[in-house]
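Q: Before anything else, here's the structure in question.
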Amino acid sequence: MSTVLRISQIKLKPDQPEDMLDAAVRHLLMLPKNCNVRWSISKKSLDARRKPDIFYVYSVDVAEVIIGGKSVSLNDVLKGKFMAGKHKKTIKNAAITQIHEYCFPRAEIAVNAGKFKRPVIAGFGPSGMFAALMLAQAGLCPIVIERGESVEERKKTVEKFWSTGELNTESNVQFGEGGAGTFSDGKLNTMIKDTSGRIKEMLKIFVEFGADSSVLYMNKPHIGTDVLTGIVSGIRSRIIELGGEVRFNSRITELITENRGKTKRLSGVKIENVKSRESYELSCDCLCLSIGHSARDTFEMLAESGCSMSAKSFAVGLRLEHPQSFIDYNAYGDTMYKMPAADYKVTYQTSGGRGVYSFCMCPGGYVVNASSERERIAVNGMSYSGRSGKNANSAIIVTVTPEDYGGDTPLSGMEFQRRLESMAYRSGNGNIPVQLLGDFKLNRVSEGFGAVSPCIRGSFSFANLREVLGNNLSEAISEGVTGFANYIKGFDMADAVFSGVESRTSSPVRIWRDENCESDIKGLYPCGEGAGYAGGITSAAVDGMKVAEKIALNFYGK
């Protein structure tokens, strides 16, 4: 843990360079001219509440102040002890802050690591990737089992799917190196708190492998799918350099367990090469289960193995596209500055008590066919790092609970998703079904596009999306979009384009784990989005780090 003096509410105009922050910090601290100040940006956010009077607002962490060749107390600096002039006063908008430094328990595991089998990780999305990296850096040489392809091959496969409709059920937008996040906007913002320093460490790793350093402090950092692919391959190379192994086109088909009294313990896994269909067994003491929220056949296998899990609430809905220029004007007005593509976040409580909200908003992005099963359609949003596409899109979704979809079994939510996706496939005749917002409200199939031309990766055709979602969800979304127009005037424009179905917002199951992140099958560690413990790249990566720590201590620190 380190101590800094955090100064907040430092404002710069969008056309003012960040180099001006140094002068601003020195001015606020009112220090002697010959002092040295070591500082870094902690947070940067945009304040456009009084547009067109727009500011970037910074928080800055002062780590050290040197006066007369000596490092002085930050607390004394805060109290104005070194201010020039006679009138000493406490610095405004400043406070002494403790920063948590991340520490993986390497020292504890070094002695006993050689006594145990190599840890195995199922899935190479954010949670599996960061779990593997942490374990590899600790010298534990993990083995990663990934059903999809490497990111280089996966990109070709996905592009072919979007252009021809030829789906590879093992390697697609959902499955493959980097997980579903690889074909997304690469958002790194999260609602979880960073009391352990894991988020900061994760962001540093992203920067190390190619992300812009601004992700360390931006309020809503994003990377973009084009940059993410290079980062993902770089992390894989580092894991291999450290003695780890990544086996692509490989799927775990069975858990091998043994009973020790009343306890069931993992002793190995059966693995199938999805291309050659050859199978083999791999002995292991622990398995980090980072399978993602779309590994439905694996969920079925786990249920058959007696792994405790339950159906959970998640959300479903549609993707909605507007012109990015419309979203920008709402955010910035007639500003004179060149601003980045704007985002939005809206929520609404319907008259029937349902919450409708935007999710995974992609400025300047694309709607993409994110299907992973034959004769089923699922969509997602994706942006490149420049966010330069002509449209903005966001999922407009409604939460569904086990009571809504009939959660009689742990996999009931998964089957509900499948039903929606099958309806979407049939509705669009195998293509992504699309419909103008105005026609959605009027319950009729659209005949052509108006002011909004969709930006979609994958073939699409007109359909009635109300037939996909059913009346209750459709009415909630229709009312919600109308309600959003109270916050973004014109949001309910009739020519906005809906695409469906958005069904993969989060996992439909939660796999039980205890305080040590271990399942009731000992040696099995449910992890990340698929297990129901994360939502998005950041929280999934952080959960992967957390589970890696537990694996290291539980198996190698005893």
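The values are calculated or read from the model by the stated rules, or taken from the named source; none is laboratory data. This one's a predicted model, so the numbers in the text were calculated from it and none came from an experiment. Every residue, glycine as well, gets a Cβ built from its backbone with ideal geometry; the counts of neighbours run over all protein chains shown.
Q: Taking the stretch 109-136 as the search range and keeping residues that are in a helix (DSSP H, G or I) and surrounded by fewer than 16 Cβ atoms within 10 Å (Cβ to Cβ), which one is modelled with the highest pLDDT? Full working, then the answer.
A: In the first step, residues of the stretch 109-136 are kept if they are in a helix (DSSP H, G or I); the result is 109, 113-115, 126-136.
Within this subset, residues satisfying the condition of being surrounded by fewer than 16 Cβ atoms within 10 Å (Cβ to Cβ) are 114-115.
Working: 114: 59, 115: 65.
Across the stretch 109-136, the extreme among qualifying residues is 115.
Q: Just to be sure I understand, how many residues within the stretch 115-149 are under 22 Å from the mean Cα position of the chain (by Cα) and within 25 Å of residue 546 (Cα to Cα)?
A: Filtering the stretch 115-149 for residues under 22 Å from the mean Cα position of the chain (by Cα) gives 121-135, 144-149.
Going one step further and asking which of them are within 25 Å of residue 546 (Cα to Cα), we end up with 121-135, 144-148.
Looking only at that region, the number is 20.
Q: Read through the list (1) over 19 Å from residue 312 (Cα atoms); (2) at pLDDT 95 or above; (3) of a type in the set (A, V, I, L, M, F, W, C); (4) over 14 Å from the mean Cα position of the chain (by Cα), then give the number of the only condition that residue 551 fails.
A: Checking residue 551 against (1) over 19 Å from residue 312 (Cα atoms); (2) at pLDDT 95 or above; (3) of a type in the set (A, V, I, L, M, F, W, C); (4) over 14 Å from the mean Cα position of the chain (by Cα), the one that fails is (2).
Q: Being among the charged types (D, E, K, R) and assigned to a strand (DSSP E or B) is the filter here; which residues of the stretch 507-532 pass it? Spell out how you get there, then give the answer.
A: Keep residues of the stretch 507-532 that are among the charged types (D, E, K, R), which gives 510, 513-515, 518, 520, 522, 529.
Within the stretch 507-532, 510, 522 meet the criteria.
Q: I'm told residue 189 meets every condition in (1) under 17 Å from the mean Cα position of the chain (by Cα); (2) assigned to a helix (DSSP H, G or I); (3) surrounded by fewer than 21 Cβ atoms within 10 Å (Cβ to Cβ) except one. Can you identify the failing condition by its number?
A: Only one criterion in (1) under 17 Å from the mean Cα position of the chain (by Cα); (2) assigned to a helix (DSSP H, G or I); (3) surrounded by fewer than 21 Cβ atoms within 10 Å (Cβ to Cβ) is unmet by residue 189, namely (2).
Q: When you scan the stretch 217-225, do you find a residue that is within 20 Å of residue 177 (Cα to Cα), touching a Ser or Thr at 6+ places or on another chain (Cβ under 9 Å), not hydrophobic (A, V, I, L, M, F, W, C) and not in a helix (DSSP H, G or I), even just one? Before the answer, list the steps.
A: From the stretch 217-225, those within 20 Å of residue 177 (Cα to Cα) are 222-225; that's our starting set.
From what's left, touching a Ser or Thr at 6+ places or on another chain (Cβ under 9 Å): 222-225.
Those left that are additionally not hydrophobic (A, V, I, L, M, F, W, C): 222, 224-225.
Now drop any that are not not in a helix (DSSP H, G or I), which leaves 222, 224.
Yes, there is a match, as at least one residue in the stretch 217-225 is within 20 Å of residue 177 (Cα to Cα), touching a Ser or Thr at 6+ places or on another chain (Cβ under 9 Å), not hydrophobic (A, V, I, L, M, F, W, C) and not in a helix (DSSP H, G or I).
Q: Tell me, which helices (runs of 4 or more DSSP H) wholly within the stretch 383-492 include 2 or more residues that are closer than 30 Å to residue 228 by Cβ and not assigned by TED's automatic domain parsing to the domain that holds residue 368? Give the steps one after another, and end with the answer.
A: Details: elements: 402-405, 412-427, 437-442, 466-469, 471-484.
Helices (runs of 4 or more DSSP H) meeting the threshold: none at all.
Q: Within the stretch 493-506, restricting attention to residues that are not acidic (Asp, Glu) and not in a strand (DSSP E or B), which residue is farthest from the chain's Cα centre (by Cα)? It would help to see each step written out before you state the result.
A: Restricting attention to the stretch 493-506, the residues satisfying the condition of being not acidic (Asp, Glu) are 493-494, 496-501, 503-506.
So of that shortlist, the ones also not in a strand (DSSP E or B) come out as 493-494, 496, 503-506.
Working: 493: 29, 494: 31, 496: 26, 503: 16, 504: 13, 505: 11, 506: 10 Å.
This residue is 494.
Q: With of a type outside the set (Val, Ile, Thr), in contact with a Gly (Cβ under 9 Å, 6 or more places away or on another chain), in contact (Cβ under 8 Å) with a residue 60 or more places away in the chain and within 22 Å of residue 216 (Cα to Cα) as the only criterion, which of 48, 63 stands out? Spell out how you get there, then give the answer.
A: Working: 63 fails: in contact with a Gly (Cβ under 9 Å, 6 or more places away or on another chain).
48 is the lone residue from the list that is of a type outside the set (Val, Ile, Thr), in contact with a Gly (Cβ under 9 Å, 6 or more places away or on another chain), in contact (Cβ under 8 Å) with a residue 60 or more places away in the chain and within 22 Å of residue 216 (Cα to Cα).
Q: Scan the stretch 296-348 for residues that are part of a strand (DSSP E or B), under 21 Å from the mean Cα position of the chain (by Cα) and more than 30 Å from residue 50 (Cα to Cα) and jot them down.
A: First pass over the stretch 296-348, keeping only residues part of a strand (DSSP E or B): 309-311, 314-323, 347-348.
Remaining after also requiring under 21 Å from the mean Cα position of the chain (by Cα): 314-321, 347.
The answer is 314, 315, 316, 317, 318.
Q: Moving to a separate point now. Would you mind finding the one in 504, 510 that is modelled with pLDDT of 95 or more, within 21 Å of residue 420 (Cβ to Cβ), surrounded by fewer than 24 Cβ atoms within 10 Å (Cβ to Cβ) and not β-branched (Val, Ile, Thr)?
A: 510
Q: Anything in the stretch 475-496 that is touching a residue at least 40 places away in the same chain (Cβ under 8 Å) and either among the acidic types (Asp, Glu) or touching a helix residue (DSSP H, G or I) at 6+ places or on another chain (Cβ under 6 Å) (or both)? List them, or say none.
A: Result: 475, 479, 488, 491, 492, 494, 495, 496.
Q: As an exercise: evaluate residue 338 against (1) in contact with a Gly (Cβ under 6 Å, 6 or more places away or on another chain); (2) farther than 30 Å from residue 408 by Cα; (3) among the charged types (D, E, K, R) and give the number of the one condition it does not meet.
A: (1)
Q: Which of the numbered conditions does residue 451 fail, given that it passes all the others? Conditions: (1) in contact (Cβ under 8 Å) with a residue 60 or more places away in the chain; (2) in contact with a helix residue (DSSP H, G or I) (Cβ under 8 Å, 6 or more places away or on another chain); (3) surrounded by fewer than 22 Cβ atoms within 10 Å (Cβ to Cβ); (4) not charged (D, E, K, R).
A: Single failed check for residue 451: (2).
Quick grid of which residues meet (1) among the hydrophobic types (A, V, I, L, M, F, W, C); (2) surrounded by fewer than 19 Cβ atoms within 10 Å (Cβ to Cβ); (3) out of contact with any Leu (no Cβ under 9 Å at 6 or more places or on another chain):
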position: 294; (1), (2), (3): no, no, yes
position: 300; (1), (2), (3): no, yes, no
position: 317; (1), (2), (3): no, no, no
position: 327; (1), (2), (3): yes, no, yes
position: 340; (1), (2), (3): no, yes, no
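Q: Failed condition for residue 97, given (1) in contact with a helix residue (DSSP H, G or I) (Cβ under 9 Å, 6 or more places away or on another chain); (2) among the β-branched types (Val, Ile, Thr); (3) farther than 29 Å from residue 394 by Cβ; (4) modelled with pLDDT under 95, with all others met?
A: In the conditions (1) in contact with a helix residue (DSSP H, G or I) (Cβ under 9 Å, 6 or more places away or on another chain); (2) among the β-branched types (Val, Ile, Thr); (3) farther than 29 Å from residue 394 by Cβ; (4) modelled with pLDDT under 95, residue 97 misses (1) alone.
Q: Now a separate question. What pairs come out if I take residues in the stretch 136-158 that are more than 26 Å from residue 284 (Cα to Cα) and pair them with residues that are of a type in the set (A, V, I, L, M) and in a helix (DSSP H, G or I) whose C-beta lies under 8 Å away, six or more apart or interchain?
A: Between residues of the stretch 136-158 that are more than 26 Å from residue 284 (Cα to Cα) and residues that are of a type in the set (A, V, I, L, M) and in a helix (DSSP H, G or I), the close pairs are 151/232.
Q: Working only within the stretch 1-49, note down all residues that are of a type in the set (Val, Ile, Thr) and not in a strand (DSSP E or B).
A: First, pick out the residues of the stretch 1-49 that are of a type in the set (Val, Ile, Thr): 3-4, 7, 10, 25, 37, 41.
Scanning the stretch 1-49 gives a single hit, 25.
Q: Every residue in the stretch 343-398 that is out of contact with any Asp or Glu (no Cβ under 9 Å at 6 or more places or on another chain) and basic (Lys, Arg), please.
A: Hits for the stretch 343-398 are 345, 374, 390.
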